[in-house]
Structure formats: structure tokens, C-alpha cells
């Protein structure tokens, strides 16, 4: 290496190191001087409506195409709107014809050319609505673009991006709207990815050419954007700042916009100038946020090549880093828990938010609690926008999340739960783990829900997060007081936590009576559209429904087989037992469990069509013992018109209603006699299996959902 090369290398390294350390020092000094300026503004209900801001420079014809398209899209939404055009770098007389044709446009004129952020700042001063749609004049939005974006406005969201296509369909799609960043040894790269599904996803930042932004945050962030003038990287800056205060940037593939690439920029700048501005702003961004990964030599070389060593640029960098006080190099430093978000259209943004927190997977519905939650909160979603926090993220895939689900947002904890044992205290500890506390606190702070609804005893201690004005409710699917070797300590912890809840729900009258604190019994229900009487029973097919992930289900049917199956097969050689255990691979399970290899026993793989198998059965058996709560499968069988032979424990919550289709037995001999009686007496069985519609109506999910909402209303209004 020559002396000249060594000197050049040393200078570049020195420049890179010095600039980087200077910016980090001024950031820390700013943090010490005025605290963390990257704070989240207080949440406010933004309502409906949008302000559209279009920066425009000397191209009325292109602007007309843009305005026609966006007015058509605004009409599709049915919401109030404001259309602002910031015309700069050209006389106002250029737009006389457009002013006559489009009287709804509000004009901002500036004879001098403005940078992108300066033009947006002018438009923001006029904006009346909390959500603003930034639109380049060389963009053409689809008619349903804004409608698709509006469905995903939520309290924790800063920006929502459209999917971008080029007007020239033969061009490679280097711009899609789905953004990311890659930091390498010698450079930093922004990139756009091709969407692989129709799912709304979080991404790095939303481009300022066709995206929806939260005005209150954008007004804060844009104050730091002048260094990027005339264009590029300011929207990246906004996205990172939003992320640092806990807000999200979303990408909506179904919202489409068409771009005449660089139709405006290309008229006033050469390709070399555009590339120079892009590169310069890249390194301003890199230093401003204290990113890491680029070698100091390459950083210094890029700074020298792009003119960032000029006094004016250094002055801006020092002032900006001091004012912002951003010292972390981790772009996700405030993401308090690693999670996956699934987002669905919000049909009514004016509804209050309900935050629902569950420790088990709700999809697929492999257990009774999941079935209850899916159906109950589908009814409650008429009155709330529901945000679901769920553990067991590995159980979820996009394919199993139906678009008609009742949740507006589903946040899933990615980190696996470490089981601490089978005792109740151990389960409370492992389920209500630190990551769940952090994620819950973050979302509560962001959306300030009207109701925070906790499910299951395992999460009872989450109420320690409650704030003075918040409303907390918990559903105890099983009231386990006195259960287990650690009952005394677990009961004490549960009852102490319950004192801090505003409402406590139980699932059966028996459980309600066990509690020593006031509570509301919200029973399990049934969907009459799926579970209804269709035809009388025939044959000799018994059915058991119960996910084996819930141990009492497996123990109950195993004990039933051990005590009764051979005896039943001897009396009824053609009898069958169908088991719906919620298994993905029943054959592999049977191969390892000889008990289930007996003649006449059939397994059904995981299915959401339980009602089809109930309709095809003769009787249902429910042999569970030692349980609390209420078996949802029992009311589903009664609704389908199938007699259920049940232990007393498995009939909890239903026995006192005296359904003719519910036969409660006390021991295995009575169980055998009841099954035999109904198999031998078709006339009696068919008479008793016919549902009592009047009694069943109280168990329809719409009524049960209304009961729970009535409690919310009463308690919240009383505060």
C-alpha cells in the first residue's frame, strides 16, 4: 500500500470516527440537558376524516390526473376530507384553470421552490384532521386505496403505506411500498420487498408518496427534517422516530397506487444530482440515529464524497442530534417484547378499545376456552374494537386466521414459554411472564383501552399493571379454589389479585358459588347457526369431544375405555367410539398408545366441523371427573339433538336446567346402564334428544355477549 493510499485511508478513518463520536457525544449531551425528547404524545381519539396534502411543482397536467384519482378514492370512503395542494416554484397563475375546476382544493402557494419536508410542513399547518394522506403529484391511487388504508387506523399506528406499482408495467418493481433497511460493512441500503401475501404487516417506514400518517406525531418529527432538503430519507427518519416511541408503521397490500417514477424530480435535477442528494441524506440519517455496522473508513469516505464535511452540514448534524437526544443504535429499543402482529380491518374506528389477554392459543380452536373466546368476543366486537394478546405464537399461522374473526389486532408473543411445573403457582409464574407484562403495558399505554379483559387464573397477577382510571375484568374458566398440592398459597395469591379487578366472571353457577368475592356468571354458549337439530339419531356410534391438550379430557376417555369399552363391545359388536381429540396426526398418536388401538375406536384429526360429527353420532359421552368450570361440548351436543351421558362434574353449569337430553350418572355401572338403555330404546332416545328451544335460547352467544357487555357498561358508568 502506497504512502498516498495510507494517508487517504487514515484521513477517511479519522473523519468517520470523529463524526460518529461527535454525533454520539452531542446526542448524550442533549439527553442529559433536556431528557428523553423521544416521548410519546398523549393519546387522543382522532375520530374520522382525512387531510390530503399534495406537494406540487410546475406540472398542472400531472396534478390534474393525481387530483381526479384521489377525489374518486375519497368519495369511496364516505368520510369528511380536506384536499390541500402546496404549489411551489411556480406562479399561482399556472393553476387558475384547476382552481376553477376543483373549488374544493385549498391552495398554498410559494414562488420559491420548497423541499419535500418544507412543502409538507406548509400543508400540515392547514390540516384539520388527525390523519393526513401524503401524496406525490406523480401518483395515481386506485378508487379503493384510501378505504383500504382507513380500515387499519389504530391508536398505536403512526403510518400506513400503500402498495406501489409503476405506471410502466415493463419496469422492474424496485419500489413496492414494503420497506426495509440493510447495513453492510461499507454501505447502507434501503430496499423494497415484493409482498408475499395479502396480510397487513409492520415494516420499516412508510414512504411519503402515498401513505397515511398521524398528524400529531408527524408535526413533531418534521421539525427535524430540514437537513434532508430538498428530498429523500425524511420519511425514513419519521418512521424510525415513530418506532422509537412505540408506534408502528404498517403496509397494506390491498391499497394500491401507481407511480410515474421521478416524473417531478427528473424535471429539475440531473440523475447525478439526485444520486448525490440521496447518498448525502443517507449518511445524515446514519449519524443522526447512531446506527452501527459501517466501518469508520467507509463512513468517512462516504462523508467526504457527499459533502457532509461542510461546516453547514456539521452544524445541522450537531444541532439535530443535540435536540433529539437519540443515543441508542438499536432501532427497536422501545419494542419491549418481541411479538408478531396480525391486523384486520377496523370497521368502526369510533368504538372504544377492549384489550383481551389470553395465555393459550385462540386459533385453531383446539379447546373449549378457545371456542368460547372466539364466539363470545365475536358478539362483543359489535360494541368494541378488540385487541388480542395471545401466547403460543407457534400455534398460529396466517392460514388459520379467518378474515371474519372478531379481532382488529392480534399480538402474539414470539418467545416460547418455559413451563415451571404443573402446580397452580408454577403455572401462574410461567404464564404471567415478564415478556407478557411488558407487551401488555406497551399496548395499554398506546391505545388506552376502555376495558382490559384477562382470561384464566394463570394471568390473574397482570392486574398489577392497572392504572388509576383503567377498568380491569377477569374470566375464571375454572374456579380452582382448594385444588392442588399448593392450594393454600395459590388460593391466597388468586384472591388477593381478584380484589384489584373491577369485574370477575365465572362460567358456571357452581363456580360462582365457590368464590368468596362478588362475581358474574357468564355461562358457556352455543352458536345456533352451527349447532342445531337436523335429524334424529340412528346407529350405535358414541362420540367424545375434548382436546387432549387439556389433561382431564384424555384421562376421562382413557378411564371410560378401561372400565366400559370391552363390556360395551361384547353387548353391541358393531358399536363405534369416535374421539375428537384435537390432534394433528391421530395415526401417530394411536401407534404409541395401545389403549386406543382397540376395535371400534376411531380418532378424528383436528377439525372445526364438530357439529357434523355430532349430527352423525347416536349418543355423546362425557366421562370427565374432578373438573371445575363448565364443559362447552355438553351444551353443543344438546343443541345438536344428541343425548349426552355425563358425569356430574362434566354436567356443571347445565344440570339444574333439566334438559331432557342430559343424563347424569354417578358411577361406571350407571354409565353402562344409561348407554345401554338409550341404544336399546330408539323411541325414548329420539324423544329426549329433541332440544327444548326455549331453554336453549339463554345459551345463544348473542345473549351471552350482551350479558358481559351489560356488566362492562354498568361498572364503567359507575366509576
Worksheet item: From the list 152, 191, which residue is outside any helix (DSSP H, G or I) and crowded, with 17+ Cβ neighbours inside 10 Å?
Response: 152
Item to complete: For region 366-374, indicate whether the set of residues that are modelled with pLDDT of 85 or more and in a loop (DSSP other than H, G, I, E, B) is non-empty.
Response: no
Worksheet item: Applying the selection to region 194-219, what residues are more than 30 Å from residue 122 (Cα to Cα) and either modelled with pLDDT of 95 or more or part of a loop (DSSP other than H, G, I, E, B) (or both)?
Response: 194, 195, 196, 197, 198, 199
Response to the item:
Taking region 507-518 and keeping only residues that are free of Cβ contacts under 8 Å to residues at least 60 places away in the same chain and in contact with a helix residue (DSSP H, G or I) (Cβ under 9 Å, 6 or more places away or on another chain), one is left with 515, 516, 517
Worksheet item: Could you count how many residues in region 603-614 are modelled with pLDDT of 90 or more and either in a loop (DSSP other than H, G, I, E, B) or exposed (fewer than 15 other Cβ atoms within 10 Å of the Cβ) (or both)?
Response: 1
Worksheet item: Looking at region 677-704, which of its residues are farther than 22 Å from residue 631 by Cα and exposed (fewer than 15 other Cβ atoms within 10 Å of the Cβ)?
Response: 677, 680, 681, 682, 683, 684, 687
Response to the item:
Residue set 118, 169, 159; condition at pLDDT 90 or above, out of contact with any strand residue (DSSP E or B) (no Cβ under 7 Å at 6 or more places or on another chain) and not assigned by TED's automatic domain parsing to the domain that holds residue 300; output residue 118
Practice prompt. Could you check region 470-589 for helices (runs of 4 or more DSSP H) lying wholly inside it with 1 or more residues that are touching a strand residue (DSSP E or B) at 6+ places or on another chain (Cβ under 7 Å) and crowded, with 17+ Cβ neighbours inside 10 Å?
Written response: 487-498, 509-514, 551-560
Discussion item. Given (1) at pLDDT below 85; (2) under 22 Å from residue 161 (Cβ atoms), identify the lone condition not met by residue 258.
Written reply: (1)
Worksheet entry | region 287-319, residues that are in a helix (DSSP H, G or I) and in contact with a strand residue (DSSP E or B) (Cβ under 6 Å, 6 or more places away or on another chain) | none
Practice prompt. Look at residue 521 and say whether it is without any contact (Cβ under 8 Å) to a residue 24 or more places away in the chain, in contact with a helix residue (DSSP H, G or I) (Cβ under 8 Å, 6 or more places away or on another chain) and under 29 Å from residue 639 (Cα atoms).
Written response: yes
Discussion item. Being outside any loop (DSSP other than H, G, I, E, B), assigned by TED's automatic domain parsing to the domain that holds residue 577 and in contact with a helix residue (DSSP H, G or I) (Cβ under 8 Å, 6 or more places away or on another chain) is the requirement here; does residue 670 meet it?
Written reply: no
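The values are calculated or read from the model by the stated rules, or taken from the named source; none is laboratory data. Every value quoted in this text rests on a predicted model; they were computed, and no experiment measured them. Every residue, glycine among them, receives a Cβ derived from its backbone with ideal geometry; neighbour counts consider all protein chains shown.
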